[in-house]
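Working notes for the structure below.
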Amino acid sequence: MELLFDTANIDDIKKYMEYYPITGITSNPTILKAEGKIEFFNHLKEIRKVIGFDKTLHVQVIGTIADEMIKEAYAIINNVDKEVFIKIPTTQDGLKTIMKLKSEGIGVTATAIYTTFQGFSAIMAGADFIAPYCNRMLNLDVDFEDAIRSFRKVIDDNKSNCKILAASFKNITQVNKAYIAGAQTATVQPALLRNTFNMATVEKAVYDFKNDWTLIHGDKLITDL
């Protein structure tokens, strides 16, 4: 069971790595756009510097045909590092790209998965991770939980090393459902995690415990006893 941050904001990564047991970072062109005008490769190298090599870094290509995606993958590997997982959209050309990159030992995350057969195809193509877009699937009346269960069954039955990297969440309930359905990993925006823990009911429980302690021990801490 793993948790990744879906962000390219270096300040957020530095800050929240101290609070959450993350195992990697995912990004895409939309996420990078939120950071403004940045130097693409230098920004990614800075993220790697922050997270180290014990965590995964997933970077997406922007090409739409196989030749473009393959060239972009090489550029990312050569300009960032060889441990980056290249995010490839699961299209017909994407599958061709995945097979090519995997034949060369390059890590691949198959992304933009909306259907069960897309996921099956990416698994067969050798992807290291498959990323079903959970909330977007729901918007298309596709049951993402059922799809994840199907992916996990195929992975387990075939003893595949592929991991389900659930993505695209509107709320934490969807994250929970993805994990329960069988996703080994999920990538979540830091803001969603903040909102999950900044709940009035949680804060009240903490306050009540503190208040009960104070009624007996005053301002003393446990370490003062």
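Using the Cβ atoms and a cut-off under 15 Å, what net charge is assigned to the surroundings of Ala200, where Lys and Arg are +1 and Asp and Glu are -1?
Around Ala200, the charge tally is 0.
Expressed in nm to one decimal, what extension gain is obtained for the pair Lys170 and Glu104 from 0.36 nm per residue of sequence separation less their Cα-Cα distance?
Computed gain between Lys170 and Glu104 is 20.2 nm.
Give me the one-decimal nm value for the distance between modelled label points at Lys15 and Lys159, 7 Å along each residue's Cα-to-Cβ direction.
4.7
Distance cut-off 27 Å, Cα to Cα: go down the list Lys37/Lys100; Lys37/Lys102; Lys14/Lys87; Lys55/Lys204 and report the pairs above it.
Exceeds cut-off: Lys37/Lys100; Lys37/Lys102; Lys55/Lys204.
Mind sorting out which of (i) 30, 28, 11; (ii) 36, 22, 15; (iii) 27, 23, 16 is the real semi-axes √(5λ) of the Cα gyration tensor in Å computed from the coordinates?
(ii)
Would you work out the relative contact order for the chain, in percent, from Cα pairs under 8 angstrom that are 6 or more residues apart?
16
With a sphere of radius 14 Å drawn around the Cβ of Asp6, what net charge do the other residues whose Cβ falls strictly inside it have (Lys, Arg +1; Asp, Glu -1)?
+3
Between Phe117 and Glu83, what FRET efficiency comes out of the Förster formula 1/(1 + (r/R0)^6) with R0 = 41 Å and r the beta carbon distance, rounded to 0.05?
0.85
Would you mind counting up the charge near Ile70? Only other residues with Cβ under 11 Å from its Cβ, with Lys and Arg at +1 and Asp and Glu at -1.
That works out to -2.
Below 20 Å, Cα to Cα, which aspartates and glutamates can Lys170 reach? Residues fewer than 8 away in the same chain don't count.
List returned: Glu2, Asp6, Asp12, Asp141, Asp143, Glu145, Asp146.
Which of the peptides 105-114, 179-188, 211-220, 46-55 is most tightly packed, and how do the rest follow, going by the mean number of other Cβ atoms within 10 Å of each residue?
My ranking of the peptides, most packed first, is 105-114, 179-188, 46-55, 211-220.
Output the peptides 142-151, 65-74 sorted from most to least packed, where packing is the average of other Cβ atoms within 10 Å over each peptide's residues.
Most protected by this proxy first, the peptides run 142-151, 65-74.
With a Förster radius of 22 Å, plug the Cβ-Cβ distance of Glu203 and Asp224 into 1/(1 + (r/R0)^6) and report the FRET value to the nearest 0.05.
0.35
Which one of Asn28, Thr185, Val175 has its Cα pushed farthest toward the positive end of the charge dipole of the chain, where Lys and Arg give +1 and Asp and Glu give -1 at the Cβ?
So the residue furthest toward the plus end is Asn28.
Quick one: angle between helix 92-103 and the longest Cα principal axis of the chain, in degrees between 0 and 90, rounded to 10, please.
Value to nearest ten degrees: 80.
Order 119-132, 153-166 from most to least packed using the mean count of other Cβ atoms within 10 Å.
In descending order of packing, they fall as 119-132, 153-166.
Work out how much length Phe40 to Asn195 would gain on full extension: take 0.36 nm times their residue separation and subtract the Cα-Cα distance, in nm to one decimal.
52.9 nm
Quote to one decimal, in nm, the extra length available between Asp143 and Thr64 on full extension: 0.36 nm per residue of separation minus the C-alpha distance between them.
Gain on extension, Asp143 to Thr64, equals 25.8 nm.
Grab the DSSP H runs of the chain that are 4 residues or longer, score each as -39,500 (n - 2.57), total them, divide by all residues and round the 222 nm result to the nearest 500 deg cm²/dmol.
Per the formula, -15500 deg cm²/dmol.
FYI, it's all coordinate maths here, none of it is from the lab. None of the values given here were measured: they were computed from a predicted structure. All Cβ positions, even for glycine, are placed from backbone atoms using ideal geometry, and neighbour counts span all protein chains on display.
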